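Input: a single structure, listed below in structure tokens.
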Amino acid sequence: MGATLALCLGICLMLAPFGNSAQARRTSMTGDYVNDTVSVVHTLQETIALPYEAEGRSEAEIKAVALITDYISRYRNRSQVNESMSFTTMQTALNSMAGHYKNYANRPLSDDLKGRLNKELSKAEKVVLRGN
């Protein structure tokens, strides 16, 4: 009787992980590199423009980091994209922005960083729309 109970318990424990369905996080990326890049640029520029005292700024920054992660994850391993000038420019801006929000969440973006981010994001948008 004890051996049967142990066997049943062992089988239940082995099969339990298969009972849970894996829920992959939904991506906000469409797979269209040009449209995704333009969309990310505009969303991040809106986040950058928020005053430090603005209500909802903290949530916007959290969403920006999630968007950055989503974008980089989607396009980093695609050789036809990740070697392009637009992607490398985006990656530079995104790394700087995400790094600031992760490491200095309680500090506003400096004016110099805002200017640099806006310049790089605008450049990436122009380049991607030209087809590079």
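The values are calculated or read from the model by the stated rules, or taken from the named source; none is laboratory data. The structure presented is a predicted model; accordingly, all values stated were derived computationally and were not measured. Please note: Cβ atoms are built from the backbone with ideal geometry, for glycine as well, and neighbour counts cover all protein chains shown.
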(request) Identify, from the list T4, T47, the residue that is hydroxyl-bearing (S, T, Y) and either in contact with a Phe, Trp or Tyr (Cβ under 8 Å, 6 or more places away or on another chain) or at pLDDT below 90 (or both). (result) T4
(request) Can you tell me which residue within the stretch 27-42, out of those that are hydrophobic (A, V, I, L, M, F, W, C) and closer than 12 Å to L67 by Cα, is farthest from the chain's Cα centre (by Cα)? (result) V41
(request) Only residues that are assigned to a helix (DSSP H, G or I) and within 16 Å of G31 (Cβ to Cβ): list them for the stretch 62-78, please. (result) L67, D70, Y71, I72, S73, R74, Y75
(request) Looking only at the stretch 47-56, count how many residues are in contact with a helix residue (DSSP H, G or I) (Cβ under 8 Å, 6 or more places away or on another chain) and either in a helix (DSSP H, G or I) or closer than 13 Å to A105 by Cα (or both). (result) 2
(message) Condition first: in contact (Cβ under 8 Å) with a residue 12 or more places away in the chain, of a type in the set (K, R) and either surrounded by 13 or more Cβ atoms within 10 Å (Cβ to Cβ) or not in a helix (DSSP H, G or I) (or both). Now tell me which residues in the stretch 79-114 satisfy that.
(response) K114
(request) Only one of these is without any contact (Cβ under 8 Å) to a residue 40 or more places away in the chain, under 12 Å from the mean Cα position of the chain (by Cα) and farther than 19 Å from M85 by Cα: A66, A60. Name it. (result) A66
